[in-house]
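Read-outs: derived from the displayed coordinates by stated rules, not from any lab. Model, not experiment: these values are computed from the prediction. Cβ atoms come from the backbone with ideal geometry, glycine included; neighbour counts cover every protein chain shown.
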Amino acid sequence: MKIFTTRATLSGYLTEQKSLRKIIGLVPTMGALHAGHLSLIEQAHKESDVVVCSIFVNPTQFNDPGDLAKYPRPIESDIKKLENSECDVLFMPSVSEMYSEGEEWNISLNGLDSILEGKIRPGHYQGVTQIVKKLFDTVMPDKAFFGQKDYQQVQVIAELVRQYQIPVQLITCPIVREADGLAMSSRNVHLSAAEHQQALVLSRALNLAQQLFPVKTIPEVKDEISRFVKQTDGVELEYFEICDGKTLQPVTDKDDEPLVALIAAKVGGIRLIDNVILE
């Protein structure tokens, strides 16, 4: 695996690969890699010739400095996992490599950044689009792979691609879950054993929503899920919404398709998110 720390050297290497008609696949991450990330690498291998993984804990998408400070950074372990997954290229830049002093960024995201996660984490998706645009400009990938767990993020990046007419194919890969159903997340390492058990209510709530969806109205499903989650000690429900799969606007009519159920909750002070496509 080749490791690059500057945009210029990475770009030069990938320009060579493109001249050989190699298809470039990009998997952007913030590190602390788990099986969910590695499933993206696996999918990228199937659909591209050169797999590039970036590891960059992006400061502009954190609105809580404490959250940024405690974000896990097990870089040696991450490198080993990428090598075992036969990743071709790791891009691991510094903050100063990606940002110049006083740099500003603002993009209109048609309201996608002011609802759900965007409402709770103001400025988060401005930071996400800022760094993803830089990664796309540097790597110039043919395909980019993202996980469904961050469903809203995928829609935000699709809007970025549309506005800037970036010639990249976005590929959304299924959520990878632990054996007990908890969606894999880098934040899971902060959960105690008891909190891990409490956190299972998120995936169980989504499973229940799938069961209720064919036989209940959307408002009834939302009421039942809210009650179900609030029965679990140690879990603070932030939202449960059933939304249009593209605009992420709340819906009350099942005729709208596709629909997605999204949930966010705090468990022991750790924010967790999950979702499921409703059919």
Once A35 and T6 are pulled to full extension, the length gained, defined as 0.36 nm per residue separation minus their Cα-Cα distance, is 7.8 nm
Arrange E195, E279 by Cβ neighbour counts within 10 Å, fewest through most, would you? E279, E195
Considering only DSSP states other than H, G, I, E and B, which trypsin sites (Lys or Arg not before Pro) in segment 1-51 qualify as loop sites with at most 11 other Cβ atoms within 10 Å? R21
May I ask what percent, to the nearest 5, of DSSP beta bridges between residues of the chain are antiparallel? 50
Using helices alone, what [θ] at 222 nm do you get for the chain, with -39,500 (n - 2.57) per DSSP H run of 4 or more residues, divided over all residues and rounded to the nearest 500? -12000 deg cm²/dmol
Unsatisfied cross-links (Cα-Cα over 21 Å) in the set K46/K133; K70/K246; K22/K80; K119/K266; K119/K143; K18/K143: K46/K133; K70/K246; K22/K80; K119/K143
Give the shape of segment 174-279 as rounded, prolate or oblate, defined through the alpha-carbon gyration tensor: a ≥ b ≥ c are the square roots of its eigenvalues, a/c under 1.5 means rounded, and otherwise the shape is prolate if a/b is larger than b/c and oblate if not. prolate
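Write out the GluC sites (Glu not before Pro) in segment 25-111 meeting two conditions: DSSP loop, and at most 15 other Cβ atoms within 10 Å of their Cβ. Before the final figure, lay out the partial values.
Details: sites: E42, E47, E76, E83, E86, E97, E101, E103, E104; in loops: E86, E101, E103, E104.
Qualifying residues, ordered by number: E86, E101, E103, E104.
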Using r as the Cβ-Cβ distance of E236 and K22, and R0 as 51 Å, what FRET efficiency do you calculate, to the nearest 0.05? 0.60
If you take the square roots of the eigenvalues of the alpha-carbon gyration tensor of segment 135-231 and sort them as a ≥ b ≥ c, do you get rounded (a/c under 1.5), prolate (a/b over b/c) or oblate? oblate
Positive minus negative residues near V57 (Lys, Arg vs Asp, Glu; Cβ under 12 Å): 0
FRET efficiency (N84, N207; Cβ distance; R0 22 Å; to 0.05) is 0.10
Normalising by the residue count of the chain, find the relative contact order in percent from Cα pairs under 8 Å and 6+ residues apart. 17
Taking the Cβ of Q155 as the center, what net charge do the other residues with Cβ under 11 Å away carry, scoring Lys and Arg +1 and Asp and Glu -1? -3
Backbone HN-Hα couplings from phi across segment 252-266 [Karplus 6.51/-1.76/1.60, Hz, Gly and Pro as x]: 10, 10, 6, 5, 5, 9, x, 10, 9, 9, 10, 9, 9, 8, 9
